[in-house]
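First up is the structure itself, then whatever we jot down about it.
The values are calculated or read from the model by the stated rules, or taken from the named source; none is laboratory data. Being a predicted model, the structure only gives us computed values, none of them experimental. Because the Cβ atoms are built from the backbone with ideal geometry, glycine has one as well, and the counts that use them run over all protein chains shown. Keep in mind that these areas ignore ligands, DNA and RNA; they rest on the heavy atoms of the full protein, side chains included. Shrake-Rupley method; radii C 1.70, N 1.55, O 1.52, S 1.80 Å.
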Amino acid sequence: MSEISERYKRLGDAFADKIAAVPQDKWASPSPCQEWTARDVVAHVVQTQGMFLGFVGKELGDIPSAEDDPAKAWDAARAKVQTQLDDREGAKVEFDGLSGRSTFEAAVDKFLNSDLVMHGWDLARATGQDDSMRPEDVTRVHEYLLPMADMMRGPQAFGPEVEVAPDASPQDKLLGFLGRTP
């Protein structure tokens with residue numbers, strides 16, 4: 001297992017734990033992502049795994065629906081990505097993606113791992129769970145996304161930056177940067 005594969009597994013497990021902790025009556029709760037419910041957040045994360053597998057000629061295949069069973073949908077989707085990451089050759093497959101030429105592994109670390117941190121917070125916030133992030137994840141995600149600030153703002157992405165106090169925590173600064181109110 002590479003460092004990236006291990007990070008994906010850790011973040012994927014944390015996301016699965018958040019899904020498992022959602023009370024049945026909270027799946028329709030609004031999330032910090034405009035117009036998305038808690039269930040929509042999971043569906044988006046599942047769909048994104050499929051998009052990245054598609055970059056390297058793979059598919060999610062026939063997996064459970066996030067609408068019907070968010071936990072099973074997530075477990076099936078992340079298992080496919082984890083298998084590709086754990087295969088040394090599969091992890092190094094190159095493709096032309098959203099930000100130029102990349103390997104599957106590098107793209108997973110930049111985008112999918114960042115997505116799991118951000119949307120893990122969204123799911124936790126929507127469903128009343130602990131929404132704290134690991135400091136090293138906050139730093140890594142912020143450093144990765146900072147140069148893409150202009151590109152990531154707009155419809156179906158991140159909204160305008162939310163101002164936070166200069167002495168706000170690194171997590172709150174990241175959330176404000178992502179257009180979320182801490």
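So here's what we get for this one:
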| item | result |
| --- | --- |
| Unmet requirement for Arg39, which otherwise passes all of (1) assigned to a helix (DSSP H, G or I); (2) free of Cβ contacts under 8 Å to residues at least 60 places away in the same chain; (3) more than 22 Å from Arg180 (Cα to Cα) | (3) |
| Test: residue in region 151-165 that is part of a helix (DSSP H, G or I), surrounded by fewer than 18 Cβ atoms within 10 Å (Cβ to Cβ) and out of contact with any Asp or Glu (no Cβ under 9 Å at 6 or more places or on another chain) | yes |
| Filter result for the condition that a residue is surrounded by fewer than 19 Cβ atoms within 10 Å (Cβ to Cβ), of a type in the set (A, V, I, L, M, F, W, C) and closer than 22 Å to Val138 by Cβ, over Ala28, Ala71, Ala14 | Ala14 |
| Matching residues in region 40-54 - criterion: being under 13 Å from the mean Cα position of the chain (by Cα) and not small (Gly, Ala, Ser) | Asp40, Val41, Val42, His44, Val45, Val46, Gln47, Thr48, Gln49, Met51, Phe52 |
| Output for region 57-68, where each listed residue is within 22 Å of Asp87 (Cα to Cα) and open to solvent by 60 Å² or more (accessible area, probe 1.4 Å) | Gly57, Lys58, Glu59, Asp62 |
| Single residue of Gly97, Gly54, Gly120, Gly90 found to be at negative phi, buried (at least 20 other Cβ atoms within 10 Å of the Cβ) and among the small types (Gly, Ala, Ser) | Gly120 |
| Failed condition for Ala79, given (1) assigned to a helix (DSSP H, G or I); (2) hydrophobic (A, V, I, L, M, F, W, C); (3) surrounded by fewer than 19 Cβ atoms within 10 Å (Cβ to Cβ); (4) in contact (Cβ under 8 Å) with a residue 12 or more places away in the chain | (4) |
| Residues within region 123-150 that are open to solvent by 20 Å² or more (accessible area, probe 1.4 Å) and closer than 19 Å to Ala107 by Cβ, tallied | 7 |
| All positions within region 166-180 that are in a loop (DSSP other than H, G, I, E, B) and surrounded by 11 or more Cβ atoms within 10 Å (Cβ to Cβ) | Ala168, Ser169, Leu178, Gly179, Arg180 |
| Qualifying position, being at pLDDT below 95 and outside any strand (DSSP E or B), among Lys58, Lys110 | Lys110 |
| Those residues of region 31-42 which are open to solvent by 40 Å² or more (accessible area, probe 1.4 Å) and among the hydrophobic types (A, V, I, L, M, F, W, C), in sequence order | Trp36 |
